[in-house]
Ligand SMILES: C[S@@+](CC[C@H](N)C(=O)[O-])C[C@H]1O[C@@H](n2cnc3c(N)ncnc32)[C@H](O)[C@@H]1O
């Protein structure tokens with residue numbers, strides 16, 4: 001997903017049910033984890049985008065040593081503008097896969113990032129790099145668009161997501177996310193297209209296999225709003 005302007009923050013809560021709670025929940029979960037609960041813990045926000053999780057982490061845990069990582073210079077700039085106090089955060093432009101951080105983080109968050117990587121080795125490389133970056137026992141909060149595996153509900157979930165988007169002001173919600181024709185006075189076609197195309201959601205059994213291969217234990221479900229799901233993963237010792 002490539003979306004690199006201020007419209008991201010206006011559009012994403014209207015597209016993704018529960019988005020406005022994700023950063024707060026994710027940070028609260030990590031703050032209660034065995035390693036990152038310690039004062040001064042080192043925490044990675046992978047795919048920090050425009051800075052929602054960083055902002056929340058600064059509010060809940062001003063003692064954390066935060067790293068904000070994103071390959072997009074434009075997104076990093078948005079985050080830096082939003083955070084203001086940029087000196088307190090280590091900013092890194094690049095991908096998780098390119099991060100050379102051997103077990104240096106006590107915790108990490110990756111919210112709506114894995115979904116944009118194809119399942120051709122790219123998802124595994126991303127998860128493996130996150131596991132490698134964490135200390136043994138360190139936890140990752142992973143939130144992603146999932147492929148529902150309960151087939152009788154699949155159609156209903158999709159309809160409900162489109163209904164949510166329509167009710168949130170994306171009036172021309174079509175039958176598939178990729179067909180979404182945005183509406184709006186304030187929202188550009190480009191913005192919604194960037195947020196709804198090029199996504200590769202996977203089911204829970206595939207995610208469990210990938211995280212095991214990457215070096216994590218079983219994913220513990222911690223959040224679900226329709227087909228957006230959150231998991232807590234712990235790096236194996
Ligand atoms: C949908 S945005 C989510 C941003 C933020 N986490 C949020 O919840 O609003 C996904 C972000 O992941 C970044 N990204 C994509 N591939 C990445 C990778 N391999 N490693 C780190 N970040 C990546 C993108 O540049 C983008 O800013």
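Derivation of every value follows stated rules applied to the coordinates shown; laboratory data play no part. None of these values were measured; they are calculated from a predicted model. Glycine also receives a Cβ, built like all others from the backbone with ideal geometry; neighbour counts cover every protein chain displayed.
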The alpha-carbon center of the range 67-138 and that of the range 205-237 are separated, in whole Å, by 17 Å
Length released on extending from residue 28 to residue 149, taking residue separation times 0.36 nm less the Cα-Cα span: 40.8 nm
Relative contact order [Cα under 8 Å, 6+ residues apart], the chain, whole percent: 22 percent
Quickly work out the residue 236-to-residue 10 label distance, labels modelled 7 Å from Cα along the C-beta direction, and quote it in nm with one decimal. 4.8 nm
Could you give the length gained by full extension between residue 37 and residue 102, i.e. 0.36 nm per residue of separation minus their alpha carbon distance, to one decimal place? 21.4 nm
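Give me the extension gain from residue 200 to residue 63: residue separation times 0.36 nm, minus the current Cα-Cα distance, reported in nm with one decimal. Can you show the working numbers first?
Details: separation 137, 0.36 × 137 = 49.32 nm, distance 3.54 nm.
Residue separation times 0.36 nm, minus the Cα-Cα distance, leaves 45.8 nm.
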How far apart, in nanometres, would the label points at residue 224 and residue 87 be if each is projected 7 angstrom from Cα along the Cα-to-Cβ direction? 4.7 nm
Under a plain spin-label model, where a point goes 7 Å from the Cα along Cα-to-Cβ, how far apart in nm are residue 119 and residue 208? 1.4 nm
Taking the chain, the equivalent ellipsoid from its C-alpha gyration tensor has semi-axes in Å, biggest first, of 28, 21, 15
